[in-house]
Amino acid sequence: MFKNRLTPILFVLFIVVPALTYLLNYYTDWLFFVETGFSSVFVTKLYAQTGVGLLFGLCMFAFLVPNLLYANKADFPHAGEFIEAGTIRLQRHQALPMVRPVGIVIAAGLALFAGQFGAMQWESVLLFINRVSVGTADPVIGRDIGFYLFSLPLFELLRGYLNFMLLATLLVTVVVYYIRGGIALTLRGLLVAEQVRRHLAVLLFLFSGVLAIGFYLEGFGLLYGNKGAFYGAGYVDVNVRLTTLTALSFITPLAGAILAFGLWKGVWRLVVLPPIIMVAAYLLGMRGYPALLHKFKVAPNELALETPYIEHNINFTRLGYDLNKIETVPFDVDTRLAATDIATNDATIKNIRLWDHAPLLKTYSQLQQIRTYYKFFDVDNDRYMVNGQYSQVMLSPRELSYADLPSKNWINERLVFTHGNGITMGPVSRISKEGLPEFYIKDIPAVSLADIKVTRPEIYFGELSNDYVIVKTRVPEFSYPTATGNINTTYNGKGGVQIDSLLKKALYAAHFKTEKILLSSDITSESRILYNRNISKRVKALAPFLLFDADPYMVVDDKGKLKWMIDAYTHSYRLPYSKPLKGGINYMRNSVKAVIDAYDGSVDFYISDPDDVVLKVYGRIFPALFKPMASMPDGLKAHVRYSHQFLQVQAAMFSTYHMTDPKVFYNKENLWEIPTLGEKQMEPYYTIMKLPGEKKEEYILLLPFSPSKRDNLAAWLTARCDGENYGKIKAYTFPRDRLIYGPKQIDARINQDSYISQQLTLWNQRGSEVIRGSMLVIPIEKSLLYVQPLFLAADKSGLPELRRVIVAFGDEVVMEETLELALQRIFGGKKAAAAPVAGAVADTKASPASLAKEAMSIYERAINMQRQGNWTGYGEELRKLEQVLKQLAK
């Protein structure tokens, strides 16, 4: 009686509930894809998953069941009365009636597992169906690269599937025969009935065919190997292992036929001998002989024998990471930079980034967070036309932090506090008298001090957004606080799914596991539920086959709307001879720019690299997903930038693979590395500058290189971001016969400067925390400037203030209150046409009388500080006095 009641309960728990949950998730995903306008993407994926899953599951069931039925037909009259397995002993006549139904259940379970596995492989199948030819063949086997990228993964998948299907069938069939008595363990040994032998012979022959396919496919896998000095198939692989695998792919079916014949006839020598021969041949051809050949022939002549394969590795790694587009240009550096050059490159000087991301994020958080439930998560770098000038800016979105809400409950989290509000934006180099950043956009509601206006400040979709909110309810949404009270708002966008029926309320209540959605009287038929609000998760849900950058950045378009931009990458693990990254990826392109509207959540995917062959195939699979870059609005196109993460990957590869001569590559004669300061490797940084040979400044991404295990500079890599020049990369190489100071050497010289080290020590002793900002290498004309900001904070939680700027040029290192003063000390005179910068001490056009008066004032302040024992202030006043006296002497 208890068993009869338990069965339907188990059925509901293990069949009905999972099935309903599965369907529920699918339906909510469908509504999400409809909302974003990508229903065709969902349908394509659904059809592919369903079709491939059914094919894999039905093939497994169709192959396994006939074998089980055939095994159950056999009758073995001489079988013993008992079934013995270790300490277990069962009467055979009691077990036999259960064999067939249990076998069918096992077959169904294995088919279900195979179907689920197949459904997860939908992408491999669609890539194969929509494959294209690349037009480049691998240099060893001669197959088009498209075969490796789009066909080989499916073939290896099918090989694994067939192996599993045959091994599972063999195992289940052997168990059935054992229970039925066709296989018995006796004192005389293992007894196998004739029908059993013949059945197993057929299965083993089929299995040998799958093994032969595996050996054939393994030959292609040789092109991915790591040989220490290079990646890909080497001399031994091509001349021995590839030949061995080709031979094994022909010999294995023959050995399988001999084994099957011996098993069919009961000749056990023929059963044992073929596997022994195959294992011996594999070990000899894949392990023994290759090891001897490498030791006695290749190792003594490695460069001569491996040169063509090293060249393959160089060529295909450069193809894999798009390094062939990097143009190498000699940069004959000199130290003849003068004040006139500084004035000529005024736009570059004004856009040197002094504000580091981490200190600025702390400063923004303390000055512009407004309320505790707002949070600045990240600071982004971009460029805008500000009051008619092309300027580099730092900006940060003010998002809502649900962890910091003053009163946490369902209504507050889901109906009232639904969005963040606005951004904070400022220049990268300008500071106030207090050492704090200046602002172009600040406060709530947004106050704009420039000609950039934010017309739609609400951020419903961001980096900190929770999983869902419901808008257009009877409860007013909180917009922003004021001195007299809170301002409310109502959502007026097209984002989200309209909850216009009881069924949808019940659906989302079940999906988000809360009955409040179903029971709330505040939700009306006009209400909309916004979910997948985290922008990274949102784009991953729509295009799971792309890799997305971990650092989205916000843009204010020309209509004042807030948009998120995320760089997306196509990738593959299958490019022959290409050196892989840590996760195994050996082909990568930044081919897509994803744009998400912060207000309504609409998503667009724009093609930034139309030549990417992987993206071409995905474009054939999902024709409605991608848009050409030409269709991107100009207000967004002006903010497209070269991917910081992708340039890091390219730089890491280019540090080795700029060496295209196999001999130089093998000997590592000109190996580069990315400089490190402390324990941290330098990262690419954005700046506005005039590239050598160009007529105007542009927004670029820059990263220096050092020779391996040395601290001087070898080159600097730059990626262009603006207009038609987007994506062009140049590597400017320094003369190898001359010392060009690197960041680590400049850092050491800063530490060795007596005045600077004394000041840093004094500040630290007085309880302040000194934060040394990023070291920036700024090429100007044919020279290099090194700039590092210094921040002071009262303690680790204090407000960082930009108090000093260190500039190094040639053999000079100076530290001043501002970048302008530092440049004055090095180059003399005030740079022409420079914008006023806070902290300047004197006007170069002042009369001698006024300069003398200023000098006397500084002298008196210095004497007062000396009497007070304020030696830090005393030193600073002497520095200022020196500047005034220099101007007076002109």
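The values are calculated or read from the model by the stated rules, or taken from the named source; none is laboratory data. On a predicted model such as this, the values are computed, not experimentally measured, just so you know. Neighbour counts are summed over all protein chains in view; Cβ atoms, including those assigned to glycine, are modelled from backbone coordinates with ideal geometry. Just the protein is used for accessible areas: all its heavy atoms, side chains included, with ligands, DNA and RNA removed. Shrake-Rupley method; radii C 1.70, N 1.55, O 1.52, S 1.80 Å.
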- prompt: In the stretch 77-103, how many are open to solvent by less than 90 Å² (accessible area, probe 1.4 Å), at pLDDT 75 or above, out of contact with any helix residue (DSSP H, G or I) (no Cβ under 6 Å at 6 or more places or on another chain) and of a type in the set (A, V, I, L, M, F, W, C)?
  reply: 1
- prompt: Counting only residues that are open to solvent by 60 Å² or more (accessible area, probe 1.4 Å) and of a type in the set (Ser, Thr, Tyr), which one in the stretch 334-366 is nearest to Val393 (Cα to Cα)?
  reply: Thr344
message: Need pairs with beta-carbon distance below 7 Å; first residue free of Cβ contacts under 8 Å to residues at least 60 places away in the same chain and within the stretch 95-106, second surrounded by 10 or more Cβ atoms within 10 Å (Cβ to Cβ) and of a type outside the set (A, V, I, L, M); sequence gap 6+ or separate chains.
response: Arg100/Asn72
statement: Flagged in the stretch 433-451 as open to solvent by less than 20 Å² (accessible area, probe 1.4 Å), of a type in the set (A, V, I, L, M) and over 17 Å from Phe376 (Cβ atoms), in numbering order, are Ala450
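Every residue, every condition in (1) open to solvent by less than 40 Å² (accessible area, probe 1.4 Å); (2) among the aliphatic types (A, V, I, L, M), yes or no:
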residue: Val105; (1), (2): no, yes
residue: Ala111; (1), (2): yes, yes
residue: Gly115; (1), (2): yes, no
residue: Arg131; (1), (2): no, no
residue: Gly142; (1), (2): no, no
residue: Thr173; (1), (2): yes, no
field: Residue satisfying all of: in the stretch 769-788; of a type outside the set (A, V, I, L, M) and in a strand (DSSP E or B); nearest to Leu823 (Cα to Cα) among these
entry: Tyr786
task: Return the total of residues in the stretch 673-713 being closer than 18 Å to Ile746 by Cβ, open to solvent by less than 60 Å² (accessible area, probe 1.4 Å) and part of a strand (DSSP E or B).
output: 10
- request: Return the total of residues in the stretch 169-226 being of a type in the set (Asp, Glu) and either more than 43 Å from the chain's Cα centre (by Cα) or not in a helix (DSSP H, G or I) (or both).
  value: 1
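So, restricting to helices (runs of 4 or more DSSP H) that lie completely within the stretch 255-329, which ones have at least 2 residues that are within 30 Å of Gly727 (Cβ to Cβ)? Quick ask: steps written out before the conclusion?
Numbers: elements: 268-283, 289-293, 302-320.
Because the criterion is at least 2 residues that are within 30 Å of Gly727 (Cβ to Cβ), the helices (runs of 4 or more DSSP H) in the stretch 255-329 that meet it are 302-320.
Have a look at Glu820, Glu816, Glu854 and point out the one that is modelled with pLDDT under 95, more than 22 Å from Asp341 (Cβ to Cβ) and either of a type outside the set (A, V, I, L, M) or in contact with an Asp or Glu (Cβ under 9 Å, 6 or more places away or on another chain) (or both).
Glu854
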message: Regarding the stretch 722-737, can at least one residue be identified that is open to solvent by 10 Å² or more (accessible area, probe 1.4 Å), of a type outside the set (Phe, Trp, Tyr), in a strand (DSSP E or B) and within 26 Å of Asp609 (Cα to Cα)?
response: yes
query: Are there any pairs with C-beta distances below 7 angstrom linking a residue in the stretch 182-211 that is open to solvent by 40 Å² or more (accessible area, probe 1.4 Å) to a residue that is in a strand (DSSP E or B), with the two at least 6 apart or on different chains, and if so which?
result: Leu191/Ala184
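Only one of these is in a helix (DSSP H, G or I), modelled with pLDDT under 95 and either under 13 Å from Pro779 (Cα atoms) or among the β-branched types (Val, Ile, Thr) (or both): Ile756, Ile740. Name it.
Values: Ile740 fails: in a helix (DSSP H, G or I).
Unique residue meeting the criteria: Ile756.
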query: So Asn313 clears everything in (1) among the polar types (S, T, N, Q); (2) under 13 Å from Gly234 (Cα atoms); (3) touching a Ser or Thr at 6+ places or on another chain (Cβ under 7 Å) except one condition, right? Which one?
result: (3)
- request: Please list, ordered by first then second residue, the pairs with beta carbon atoms under 6 Å, 6 or more apart or interchain, first in the stretch 224-241 and within 20 Å of Pro153 (Cβ to Cβ), second modelled with pLDDT of 95 or more and in a helix (DSSP H, G or I).
  value: Tyr231/Asn313; Gly232/Leu223; Gly232/His312; Gly232/Asn313; Ala233/Leu222; Ala233/Leu223
task: Give the number of residues within the stretch 564-578 that are touching a helix residue (DSSP H, G or I) at 6+ places or on another chain (Cβ under 6 Å) and either in contact (Cβ under 8 Å) with a residue 60 or more places away in the chain or open to solvent by 10 Å² or more (accessible area, probe 1.4 Å) (or both).
output: 7
statement: When the stretch 378-413 is checked residue by residue, the ones that are closer than 23 Å to Lys563 by Cα, outside any strand (DSSP E or B) and of a type outside the set (Gly, Ala, Ser) are Asp378, Val379, Asn387, Tyr402
